[in-house]
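In what follows, a structure is listed as structure tokens, so that the remarks can point back to it.
The values are calculated or read from the model by the stated rules, or taken from the named source; none is laboratory data. These numbers were taken from a predicted model, which means no experiment stands behind them. Don't worry about glycine lacking a Cβ; one is built from the backbone with ideal geometry, like all the others, and counts go over all protein chains shown. For accessibility, only protein heavy atoms count, side chains too; no ligands or nucleic acids. Shrake-Rupley method; radii C 1.70, N 1.55, O 1.52, S 1.80 Å.
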Amino acid sequence: METNKKIIQHLRHLLSIANDGKEGYKNAAENADAPELKALFTTYSIQRAEFEMELKSCIHQLGGEADNEHGGPLGALHRTWIDIKTALTPNDNSAVLGAAITGEKAALNSYDDVLVESDISYDIRQTLLNHREDINECLRNIEKLEHQYAHS
């Protein structure tokens, strides 16, 4: 039972990251001026909402409560930073992409920290590995776009 508590705590942390990503991408979609970025950020926001549902399911499987609806304090700070950055640099797609890259790298590190745990069930591990793969793909896409916008 102690193992479940530890895994639940890890999953709640990832849940807060998924929520932060959902809100961050929603905010980025609202602040991007390029239609392609608006669509991409909206897609990633929806993807993070799906991550939330899957993580909540994993937490419930382990007998935990998944009550995080607002993200974590670091995510709130990151979203605030994106708000400030976009207010100071209107229509600066490169700045918004740079903030998204920072968030994705932090998310990957958090997933890596959880995935080293040996007590995670096969099903939950597969869910986390799928999320990590999607986040990594997202990061690669955003890095390409950031390079494109930085040089245009």
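Restricting the first member to segment 101-127 and to residues that are in contact (Cβ under 8 Å) with a residue 12 or more places away in the chain, and the second to residues that are among the acidic types (Asp, Glu) and surrounded by 14 or more Cβ atoms within 10 Å (Cβ to Cβ), the beta-carbon pairs closer than 8 Å and six or more apart or on different chains are ILE101/GLU143; ILE101/GLU146; GLY103/ASP20; THR127/GLU54. Do the conditions hold for THR3, that is, is it out of contact with any Gly (no Cβ under 7 Å at 6 or more places or on another chain), β-branched (Val, Ile, Thr) and either surrounded by fewer than 15 Cβ atoms within 10 Å (Cβ to Cβ) or modelled with pLDDT under 85 (or both)? Against the criterion (out of contact with any Gly (no Cβ under 7 Å at 6 or more places or on another chain), β-branched (Val, Ile, Thr) and either surrounded by fewer than 15 Cβ atoms within 10 Å (Cβ to Cβ) or modelled with pLDDT under 85 (or both)), THR3 qualifies. Note on segment 25-40: among residues that are of a type outside the set (A, V, I, L, M, F, W, C) and at pLDDT below 85, the one that is least open to solvent (accessible area, probe 1.4 Å) is ASN27.
Residue-by-condition table, conditions (1) surrounded by 14 or more Cβ atoms within 10 Å (Cβ to Cβ); (2) at pLDDT 90 or above:
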site	(1), (2)
THR42	yes, yes
SER45	yes, yes
MET53	no, yes
LEU77	no, no
TYR111	yes, yes
CYS138	yes, yes
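Table: residues versus (1) closer than 21 Å to LEU128 by Cα; (2) assigned to a helix (DSSP H, G or I); (3) not charged (D, E, K, R).
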| position | (1), (2), (3) |
| --- | --- |
| GLN9 | yes, yes, yes |
| HIS13 | yes, yes, yes |
| SER16 | yes, yes, yes |
| GLY21 | yes, yes, yes |
| ALA28 | no, yes, yes |
| LEU37 | no, yes, yes |
| LEU40 | no, yes, yes |
| SER45 | yes, yes, yes |
| ARG48 | yes, yes, no |
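Please tell me if GLY98 is part of a loop (DSSP other than H, G, I, E, B), modelled with pLDDT under 95, under 26 Å from ALA34 (Cβ atoms) and open to solvent by less than 70 Å² (accessible area, probe 1.4 Å). For GLY98, the condition - part of a loop (DSSP other than H, G, I, E, B), modelled with pLDDT under 95, under 26 Å from ALA34 (Cβ atoms) and open to solvent by less than 70 Å² (accessible area, probe 1.4 Å) - is not met.
Restricting attention to segment 119-136 and to residues that are surrounded by 12 or more Cβ atoms within 10 Å (Cβ to Cβ) and hydroxyl-bearing (Ser, Thr, Tyr), the residue that is nearest to the chain's Cα centre (by Cα) turns out to be THR127.
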